[in-house]
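Below is one structure, written out as structure tokens, with a few remarks after it.
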Amino acid sequence: MFTLLIVIIVVVGACYLGFVFYQRRTIKMATSVYESKKDLNKIPLDDEFALAKKMNLTGESKKKYGQLHNKYQHYRNQILPSIDELIKTVKEDGKGINFIKTRNDWRTANQTIQDADATLKEIQAGLAQLYDLNKQHQLAVSELEKKYKQLREDILNQNASFGPSIDGLEKMLANIEGTFDEFTKLTKSGDPSSADEVLTDLNTATGKLEDYMKRIPKLFLSLDREFNEQLDEIQTGYTELRSKGYNFPNDNFETSVNNIRDQISHNLDSLAKLKVEDVSAVNAKIEDAIDQLYSAIDKELKARPSVEKNTSIIGEYVDHVRRQNEDLTKRLQILNESYVLNHQEIEDNHQFDRQITALEREFDRETKNIDEGKAVYSEINHTQQKMLSSLKELENSQKELFDSIIDLPEKERDAQNALSKFDLEMRNKKRRIDNQNLPGLSDSYQNNFAAVIREINHLDEDLGKAHVNIDDVSKQVIIIQSDMDTLEDQTTKMLDDANLAEQTIQYANRYISSNPEIASASVKAQNYFEKQYDYSKSLSTISEALENQSSGIFSKIKNDYFNAQKPKQASDTNSKDEEQ
């Protein structure tokens, strides 16, 4: 029971302390709202309204002043009293325990004060704008008055530089001065808002006039003098060049010059109407047209020296390739009697002749035009550059053809020499075999030997023909040489195997009576040697048996044999060199 009493006392005490804290916080919140409300009174709008009223505003400015004043009266008569009521409500809330209501009332009061502050600042800015506009307009009146006076003087002093646009510029300035008078009247009557709208239009029109006065003198100078001087120069230059034999492609110089003069005349009319943007665009087109005429003249002037130089070069060049082609024709006729020409050499030579004829005709036509004064040098120069390129390409093709046929006799001699060498080598090979006194030759070796003989005979037949096919015989020489090398290796191995087999069989005879294996191998080896002519098999049979008897015996026999062959091989090589 005592414990419960203590708990109740603690809870009641806590509630009391919470209530006291809430009241103090509420009083603090109300005080902060009140302080915010006091800040509103620091904005001196009454003085600013009084100052604006002394400006004797009229028109739109007076209407704007009235709107601002009504908004201010609404603030004083309705917004301020409502703020006081809200502050009072917040203070009263502090005596109760409705925390949520107190919080909401405090927020409402704060938001209302913020809205009121924004309203006051908006009113203050509006009044400042009226005052600033009035000051700016008074300053603008003075500055613009000086500017228009200066513009009037500039128009009078630079009258000649404006050409036909002078009347339009003076009228434009007069209209601007009329607008300026309206602006001055609105400014002095106290209507800065309306005056500001007029000032915007006035500044735009003034800027446009100043831009025209800056651009027109240059445009007029081009139309009145520069373009005409250039056209006169072009006409004079054109007439002089025509008298010196120059011609122009699609010659319409006179028409082009007259058209440009018409454009100049029409553009001067546009300038009088102050169509400055149009005039500027047309002037650019006229400049481009004049540049094209200058370029056409310059192109012909530059082309003539090149044409005169290349005319001599091309004439000699054409004669040169003509002589070369005639020489090729003669060589081909001679070679065609002895050789098969299977790379279209004759056709290529005829094609060269047709190309040269076409170039000669083109060259003669251009030369005739020059002699008759009909030459368009730029076109001839272009044609000559192509001709020089064609001549260079033709000359290279002639050289390639010449290089491909000039060595045909030499290739034939090389093939004949190769044939003689092959014949000699085969006879030497046969003599080596005969000297060996072999019991016979294997079928495979005889076939290989006969095949090489047939190849040599075929080469001999082809070289003996009335028309030798150099490509074919050259390929035959390569094939025969390869087969000769292979046959030489086979011959050398066959002779070495035969000699070694004989020596090894003779050496093995000392073991026949004591070694049945060697005796049997000797019989087989002799059979391979004397009956089947397989000297390699004979050697392997007896050498294996002998090695089984005593390792290293055959290696010694073999080494002794090849060491003995070295001096003989050197002597044979020298003999071959002497025969060749």
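The values are calculated or read from the model by the stated rules, or taken from the named source; none is laboratory data. On a predicted model such as this, the values are computed, not experimentally measured, just so you know. Cβ placement follows ideal geometry from the backbone for every residue including glycine, while neighbour counts extend to all protein chains displayed.
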Tell me yes or no: at least one residue of region 417-436 is modelled with pLDDT under 95, farther than 20 Å from residue 475 by Cβ and not in a helix (DSSP H, G or I). yes
Would you confirm whether or not region 370-390 contains a residue that is under 21 Å from residue 472 (Cβ atoms), out of contact with any Phe, Trp or Tyr (no Cβ under 9 Å at 6 or more places or on another chain) and polar (S, T, N, Q)? no
Search result, residues across region 516-539 that are buried (at least 18 other Cβ atoms within 10 Å of the Cβ) and either over 20 Å from residue 446 (Cα atoms) or among the aliphatic types (A, V, I, L, M) (or both): 518, 521, 522, 525, 539
Go through 237, 245 for me and flag whichever is in contact (Cβ under 8 Å) with a residue 40 or more places away in the chain, in a helix (DSSP H, G or I) and under 30 Å from residue 375 (Cβ atoms). 237
Listed residues 367, 383; which is under 18 Å from residue 300 (Cα atoms), in contact with a Ser or Thr (Cβ under 8 Å, 6 or more places away or on another chain) and outside any loop (DSSP other than H, G, I, E, B)? 367
Region 153-199 - residue that is in contact (Cβ under 8 Å) with a residue 40 or more places away in the chain and polar (S, T, N, Q) and, of those, nearest to residue 269 (Cα to Cα): 165
Among (1) surrounded by fewer than 19 Cβ atoms within 10 Å (Cβ to Cβ); (2) part of a helix (DSSP H, G or I); (3) modelled with pLDDT under 95, where does residue 351 come up short? (3)
More than 16 Å from residue 280 (Cα to Cα) and part of a helix (DSSP H, G or I) - does that describe any residue in region 214-228? yes
Of the conditions (1) surrounded by 15 or more Cβ atoms within 10 Å (Cβ to Cβ); (2) of a type in the set (S, T, N, Q); (3) not in a helix (DSSP H, G or I), the single one that residue 342 does not satisfy is (1)
I need every pair where a residue in region 400-415 that is closer than 18 Å to residue 462 by Cα has its Cβ under 9 Å from the Cβ of a residue that is surrounded by 15 or more Cβ atoms within 10 Å (Cβ to Cβ) and aromatic (Phe, Trp, Tyr), sequence separation at least 6 or different chains. 408/339; 409/339; 412/339
